[in-house]
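**Q** Questions regarding the structure given below will be posed in turn.
No lab work stands behind these numbers, since they all come straight from the coordinates. Not measured: the values here are computed from a predicted model. Here the Cβ is made from the backbone with ideal geometry for all residues, glycine too, and neighbour counts use every protein chain on show.
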Amino acid sequence: MAFVKDGADDLDGFLDRVHQQIIDSPIVHFDETGVRAGGRGRWLHSSSTKTLTFYALHDRRGTEGIDHAGVLPHFGGIAVHDGWPQYRAYTSATHALCNAHHLRELLAIIEQDPEGQSWAAKIDMLLRALHATVQETKTAGDQSLDPWTLAGYRAAYEQIIVLGHQQSPPGTIPTGKRGVIKQTTARNLLVRLDRDREQILRFAHNFRVPFDNNLAERDLP
């Protein structure tokens, strides 16, 4: 199989150029997935733009694997991802979160407790409506939302978050482990939607930012 290695070696210069072009891009999508390689489980890290994708294989999913891929540590643009905590450690980038993930999590809460957690249905509808408004505005040829329209959506978002804190206050779920506090799934999502609202709503402030991270998810096997 020497020809395979020789072929791979011949790609080094090309891959270096792809790698640098992705680092220099204004917006990059990041994701990772488990794969089988060489007869054992490993992690495939991807960094994607609309025209380029760079893959890196590593034994670790976390910071070691991300550093090995070598894109995010040197990236200063907008990083689109699913909110995995390890991505947040890279503060040179501006972060934007995948709202497709949020909609899936919200749907699970809505199906489980539609009456007791009505905030989830409300913010689900708000995110979908805001996405539609952004798409319509783009189609009309405008480069940004009307400031009053955006302010109205942000005010509604805040009101729903306040309702969420009323319907899903801090609490504990017994874990059987001393000193271990566990919150409900609804509470955990609510806290993230509150804390990370700027990253969640970035697509409405900057039309270059996508609503979701589907591009990266499609690039992974």
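**Q** Given H placed 1.01 Å from N in the peptide plane, which residues other than close sequence neighbours of GLY83 have an amide H under 5 Å from its amide H?
**A** Close amide H contacts, sequence-distant or interchain: CYS98.
**Q** Here is a follow-up. What is the sum of charges, Lys and Arg at +1 and Asp and Glu at -1, for the other residues whose Cβ falls under 11 Å from the Cβ of HIS81?
**A** Charge balance in the 11 Å sphere: -4.
**Q** Please figure out what share of the DSSP beta bridges in the chain is antiparallel and state it in percent, rounded to the nearest 5.
**A** Taking every DSSP beta bridge within the chain, about 70 percent pair in antiparallel fashion.
**Q** Hey, what do the phi angles of the stretch 165-170 turn into as Karplus ³J(HN,Hα) couplings, whole Hz, using 6.51/-1.76/1.60 and θ = phi - 60°, x for Gly and Pro?
**A** Result, rounded to whole Hz: 5, 6, 7, 9, x, x.
**Q** Next question, about the same structure. Gap in Å between the Cα centre of the stretch 56-112 and the Cα centre of the stretch 181-195?
**A** 18 Å
**Q** Hey, another quick one. With an 8 Å cut-off on Cα pairs and a minimum separation of 6 or more residues, tell me the relative contact order of the chain in percent.
**A** Values: 297 pairs, mean separation 45.3, N = 221.
Over the chain, the number comes to 21 percent.
**Q** Normalized C-alpha radius of gyration of the stretch 2-97, against 2.2 N^0.38 Å?
**A** Working: Rg = 13.8 Å, N = 96, 2.2 N^0.38 = 12.5 Å.
Normalised Rg, Cα atoms only: 1.10.
**Q** Now for a separate question. If each DSSP helix of 4+ residues adds -39,500 (n - 2.57) and the sum is divided by the residues in the chain, what number results at 222 nm, nearest 500 deg cm²/dmol?
**A** After summing the helix terms and dividing by residue count, I get -15500 deg cm²/dmol.
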